[in-house]
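Colleague: Take a look at the following structure, please.
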Amino acid sequence: MDKREAFRAERARLNETLLQHANLTTKRCLALDGDAYQDGALPRKAKELLGLVASLVLRCEDCITYHVVQAWEAGATGEELMEAMTIALVVGGSIVIPHLRRAAGLLDELEEGT
């Protein structure tokens, strides 16, 4: 099982657990999060790249993995992902570098799988 598949399986398992315990407010927030990334004035790919930048700056490993995969599956190229990651580095500073390393490693896995 590659990193993408393992991440998806773990995320699905934990989402199921969360939803068993979630109140209405939590469920609404989760629905809003999913709806926000649908095609609109901005295409889904652009929104996923924006999500990736924010996730890198905030240093959320799960979010970074999620948005790298989602952006890739929405049609983002390796070059587009790296440009977005460069913006995150400029905005977030050198503390983003360890997260960039892991995101680049995941990108390598995605590119090797195509």
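Colleague: Rank-order 90-96, 13-19 by packing density, defined as the average count of other C-beta atoms within 10 Å over each peptide's residues, highest first. Mind showing how you got there, number by number?
Modeller: Values: 90-96: 13.1, 13-19: 10.7.
Result, highest mean first: 90-96, 13-19.
Colleague: Sequence gap at least 6, Cα distance under 8 Å: using those rules, report the relative contact order of segment 7-95 to the nearest whole percent. Walk me through the intermediate numbers first.
Modeller: Details: 54 pairs, mean separation 23.3, N = 89.
Computed value for segment 7-95: 26 percent relative contact order.
Colleague: Turning to a different aspect of this structure: For the chain, can you list the cysteines whose C-beta has no other cysteine C-beta under 4.7 Å from it?
Modeller: Among the cysteines of the chain, those whose Cβ sits 4.7 Å or more from every other are CYS29.
Colleague: Expected output is a single nm value to one decimal: the length gained when fully extending between GLN38 and GLU80, i.e. 0.36 nm times separation in residues minus the C-alpha distance. What is it?
Modeller: Details: separation 42, 0.36 × 42 = 15.12 nm, distance 1.88 nm.
Value of the extension gain: 13.2 nm.
Colleague: With everything on Cα atoms, drop me the angle between helix 3-21 and the longest principal axis of the chain, reported from 0 to 90° to the nearest 10.
Modeller: Once rounded, the angle reads 30 degrees.
Colleague: Trypsin sites (Lys or Arg not before Pro), restricted to segment 52-114: which are DSSP loop and have at most 14 other Cβ atoms within 10 Å?
Modeller: Working: sites: ARG59, ARG101, ARG102; in loops: ARG59.
Loop-located and lightly packed - ARG59.
Colleague: In deg cm²/dmol, rounded to 500, what helix-only [θ] at 222 nm does the chain give when every DSSP H run of at least 4 residues adds -39500 (n - 2.57) and the total is split over its residues? Don't jump to the answer; show the numbers that get you there.
Modeller: Details: 6 runs with 91 residues, N = 114.
About -26000 deg cm²/dmol.
Colleague: So how far, in whole Å, is the C-alpha centre of segment 21-43 from the one of segment 47-92?
Modeller: A separation of 19 Å, based on Cα centres.
Colleague: Right, another one. Regarding segment 3-112, what is the average projected area of its C-alpha convex hull, in nm²? Could the numbers behind the result be given before it?
Modeller: Details: hull surface 29.1 nm².
Taking the Cα atoms of segment 3-112, their convex hull projects to 7.3 nm² on average.
Colleague: Here is a further query. For the Cα atoms of the chain, what angle does the longest principal axis make with the long axis of helix 78-92, in degrees from 0 to 90, nearest 10?
Modeller: Result, in degrees: 80.
Colleague: While we're looking at this one, here's another question. Work through the residues other than VAL68 whose Cβ is under 15 Å from its Cβ and net out their charges, Lys, Arg +1 and Asp, Glu -1. Mind showing how you got there, number by number?
Modeller: Details: positive: LYS3, ARG4, ARG8, ARG11, ARG44, LYS45, LYS47, ARG59, ARG101, ARG102; negative: ASP2, GLU5, GLU48, GLU61, ASP62, GLU73, GLU79, GLU80, GLU83, ASP108, GLU109, GLU111, GLU112.
Taking every other residue near VAL68 into account, the sum is -3.
Colleague: Still on this structure: Give me the distance in nm between label points sitting 7 Å out from Cα along the Cα-to-Cβ direction at LEU24 and ALA12, one decimal.
Modeller: 3.0 nm
Colleague: Farthest toward the dipole's positive end in the chain, which of GLY34, VAL96, THR77, given Cβ charges of +1 (Lys, Arg) and -1 (Asp, Glu) about the Cα centre?
Modeller: So the residue furthest toward the plus end is GLY34.
Bear in mind these aren't lab numbers, they're just calculated from the coordinates by the rules spelled out. Not measured: the values here are computed from a predicted model. All Cβ positions, glycine included, derive from the backbone under ideal geometry; neighbour counts span all protein chains shown.
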